[in-house]
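Beneath this line is the structure, given in structure tokens, with notes to follow.
The values are calculated or read from the model by the stated rules, or taken from the named source; none is laboratory data. The model shown is predicted, which means the values in this text are computed figures rather than measured ones. In this analysis, Cβ positions are derived from the backbone assuming ideal geometry, glycine residues included, and neighbour counts consider all displayed protein chains.
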Amino acid sequence: MAPGRGGFIKINGEQRYLWRAVDQDGNVLDILVQHRRDKAAASRFFHRLMKKTHAVPRGIVT
């Protein structure tokens with residue numbers, strides 16, 4: 001999996017979706033692991049992160 005990208009991973013033999021928030025330097029800011037790929041939950045995750053870091057992204061890659 002490339003840095004800054006989400007993808008499917010296996011945990012205890014079960015498939016999960018991994019979301020990662022990465023800054024422009026490639027540092028992982030936060031991660032979210034879900035049973036399925038849920039856009040609404042990912043959006044909440046992203047908005048909470050922006051609120052916590054007080055940052056506004058120049059761009060978003062999905």
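Annotations for the structure displayed:
- Only a single criterion out of (1) out of contact with any strand residue (DSSP E or B) (no Cβ under 6 Å at 6 or more places or on another chain); (2) at pLDDT 85 or above; (3) of a type in the set (Lys, Arg) is not satisfied by residue 16, namely (1).
- Looking across the range 27-62, the residues that are closer than 23 Å to residue 9 by Cβ and among the small types (Gly, Ala, Ser) come down to 40, 41, 42, 43.
- Residue, nearest to residue 19 (Cα to Cα), within the range 38-62, restricted to residues that are surrounded by 10 or more Cβ atoms within 10 Å (Cβ to Cβ) and either at pLDDT below 80 or among the aliphatic types (A, V, I, L, M) (or both): 42
- Pairs with Cβ under 8 Å, 6+ apart, first in the range 7-26 and surrounded by fewer than 12 Cβ atoms within 10 Å (Cβ to Cβ), second among the β-branched types (Val, Ile, Thr) and in a strand (DSSP E or B): 11/33; 15/9
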